[in-house]
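Participant: Just passing along the structure, written as structure tokens.
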Amino acid sequence: MNEYARLFYALWPDDTTRTHLKRLQDSVIGRKVSPDNLHLTLAFLGNQARSLIPALARLINQLPGQSFTLGIDRYGYFSKPRVAWVGPSQTPSPLTQLHQTLIAELGKAQVPLKPDGKFKPHVTLARDAHSLDEPFAPMIPWRVGKVMLIQSIQVKGGVIYSPIAEKVLV
């Protein structure tokens, strides 16, 4: 077994939100993300020693526990990786607080992170994608109720996201 695991923390959509996000993929040209894998990354950890997993799973309990609504209302495009995405036109303060707390807790735990630029909350819809002409997406009010620690497992034809730990937000 590999001694490393590819890990990330993410907001995980409920089934209704996932269905709405999937509909937004219809107008995207590119290699679409599997609907089961749609999420909003809070922190990408990359390959981490498996021995860190228990501590990373416990760290999730240090995060704010308040649910909030995230308005997904715009399309975006990252040209260098050719990624089409949707996200909020304005980042709500509970999301900013959640992200900042997570980064601070990872720092305290001395978890090595790739340099984290400005947090740009988004849900990747497709890779190897074309830019979208339409900047505004139909509004999706996502009631954020779950933060998860996920392992990304490479399989033939793509990836499987395997949950390790979760925190339900109330």
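The values are calculated or read from the model by the stated rules, or taken from the named source; none is laboratory data. Here the structure is a predicted model, which is why all the values come from computation and not from measurement. Neighbour counts run over all protein chains shown; Cβ positions are idealised from the backbone, glycine included. The protein model used for the area step is the full one, side chains on, heavy atoms only, and it has no ligands, DNA or RNA in it. Shrake-Rupley method; radii C 1.70, N 1.55, O 1.52, S 1.80 Å.
Participant: Residue by residue through the range 141-146, what is 3J(HN,Hα) from phi via Karplus (6.51 cos²θ - 1.76 cosθ + 1.60, θ = phi - 60°)? Round to whole Hz and write x for glycine and proline.
Facilitator: Result, rounded to whole Hz: x, 8, 7, 6, x, 8.
Participant: Same structure, new question: May I ask you to rank HIS20, HIS122, HIS99 by accessible area, largest first, using a 1.4 Å probe over the protein chains only? Numbers along the way, then the final one.
Facilitator: Details: HIS20 75, HIS122 45, HIS99 15 Å².
Largest accessible area first, the residues go HIS20, HIS122, HIS99.
Participant: Let me cross-check GLU3: its accessible surface, 1.4 Å probe, with only protein heavy atoms counted, in Å² to the nearest 10?
Facilitator: Counting only protein heavy atoms, the figure is 130 Å².
Participant: What FRET efficiency would be calculated for the residue pair LYS156, ALA55, taking the C-beta separation as r and a Förster radius of 25 Å, to the nearest 0.05? All intermediate terms of the calculation are to be shown ahead of the outcome.
Facilitator: On the way: r = 31 Å, r/R0 = 1.25.
E between LYS156 and ALA55, to the nearest 0.05, is 0.20.
Participant: Over the chain, calculate the relative contact order: mean separation of alpha carbon pairs under 8 Å at least 6 apart, over the residue count, as a percent.
Facilitator: Contact order relative to length: 36 percent.
Participant: Which whole-Hz ³J(HN,Hα) couplings does the range 56-63 yield from phi under the Karplus relation 6.51 cos²θ - 1.76 cosθ + 1.60, θ = phi - 60°, glycine and proline marked x?
Facilitator: So the J values, rounded to whole Hz, are 5, 5, 5, 4, 4, 6, 7, 7.
Participant: Spelling out what I want: for every residue of the range 151-160, take phi, set θ = phi - 60°, compute 6.51 cos²θ - 1.76 cosθ + 1.60 (Karplus), and round to whole Hz; glycine and proline get x.
Facilitator: With coefficients 6.51, -1.76 and 1.60, one gets 9, 9, 10, 6, 10, 4, x, x, 9, 10 Hz.
Participant: Express in Å², to the nearest 10, the accessible area of THR41 obtained by rolling a 1.4 Å probe over the protein heavy atoms while all chains stay in place.
Facilitator: For THR41, solvent-accessible area is about 50 Å².
Participant: Counting each DSSP H run of 4 or more residues in the chain as -39500 (n - 2.57), what helix-only mean residue ellipticity at 222 nm follows after dividing by all residues, to the nearest 500 deg cm²/dmol? Intermediate results must be reported in sequence, preceding the final value.
Facilitator: Details: 3 runs with 33 residues, N = 170.
Helices in the chain give a 222 nm mean residue ellipticity of -6000 deg cm²/dmol.
Participant: Could you do me a favour and compute the accessible area per residue for the chain, 1.4 Å probe, result in Å²?
Facilitator: Numbers: 9390 Å² over 170 residues.
In whole numbers, the chain has 55 Å² accessible per residue.
Participant: Round to a whole angstrom and tell me the spacing of the C-alpha centers of the range 29-63 and the range 99-170.
Facilitator: After rounding, the separation between the Cα centres reads 7 Å.
Participant: Roughly speaking, what is the stretch gain from THR19 to LYS120, that is 0.36 nm per residue apart minus the C-alpha to C-alpha distance, in nm to one decimal?
Facilitator: Net length gain for the segment: 34.1 nm.
Participant: Under 14 Å from the Cβ of LYS167, count the other residues' Cβ atoms, weight Lys and Arg +1, Asp and Glu -1, and hand me the total. Walk me through the numbers on the way to the answer.
Facilitator: On the way: positive: ARG58, LYS146; negative: GLU105, GLU166.
Cβ neighbours under 14 Å give a net charge of 0.
Participant: Which far-off residues, 5 or more places away or on another chain, put their amide H under 5 Å from the one on ALA43, with H placed in the peptide plane?
Facilitator: TYR9
Participant: Let me ask something else about it. Give the ranking of LYS32, LYS156 by solvent-accessible surface, highest area first, calculated with a 1.4 Å probe.
Facilitator: LYS156, LYS32
Participant: Please report, as a whole percent, how much of the solvent-accessible surface of the range 76-167 comes from carbon and sulfur atoms (probe radius 1.4 Å).
Facilitator: Numbers: 2880 of 5420 Å².
The nonpolar share, carbon plus sulfur, comes to 53 percent.
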